[in-house]
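I have placed the structure first, in the form of structure tokens, so that the comments after it can refer back to it.
The values are calculated or read from the model by the stated rules, or taken from the named source; none is laboratory data. Remember, it's a predicted structure, so these values are computed and weren't measured experimentally. Note: ideal-geometry Cβ built from the backbone for every residue, glycine included; neighbour counts use all protein chains shown.
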Amino acid sequence: MQVDVVEDAQGPWLRVRGPVDFAEAQALVKAGVALLRGDTGSPLRLDLAGVSYLDSSGLSALLDLQLQAAHLGRKLEVHNPSAPVLQILRLTRLEQAFSLQPEINWEGALRSS
């Protein structure tokens, strides 16, 4: 899994690519919590277009990030979920639990890491 922080006019994003499984889930949570603590007020926005696989540990990481954001009075936005992400969200009937957003226009965005 690769997680990059990307900046655009609305603030920072986490762009996630590759498999999000047991071995990678905590790294995603750690990156998301760091972004939540370092940014003030904006939602935690995840671009999941590049996620090739999401297992129950990855789903748990998304739920954990949603909870962490809520504790800070913020929300988690899942943008451009890939087919594997949508598949597990639908299978578990959790697609309504997340704020699913349409595609992202990355034109003009700056990569931070």
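Among the residues making up region 48-65, those that are within 9 Å of the chain's Cα centre (by Cα) and either over 16 Å from Arg17 (Cβ atoms) or not in a helix (DSSP H, G or I) (or both) are Leu48, Leu65. Scanning region 56-83 for residues that are of a type outside the set (Gly, Ala, Ser) and either touching a His at 6+ places or on another chain (Cβ under 8 Å) or surrounded by fewer than 17 Cβ atoms within 10 Å (Cβ to Cβ) (or both) yields a count of 5. The set of residues in region 30-47 that are part of a helix (DSSP H, G or I), touching a Leu at 6+ places or on another chain (Cβ under 9 Å) and of a type in the set (A, V, I, L, M, F, W, C) comprises Ala31, Val33, Leu35, Leu36. Filtering Arg111, Arg74, Arg93, Arg17 for residues that are charged (D, E, K, R) and modelled with pLDDT of 95 or more leaves a single hit, Arg17.
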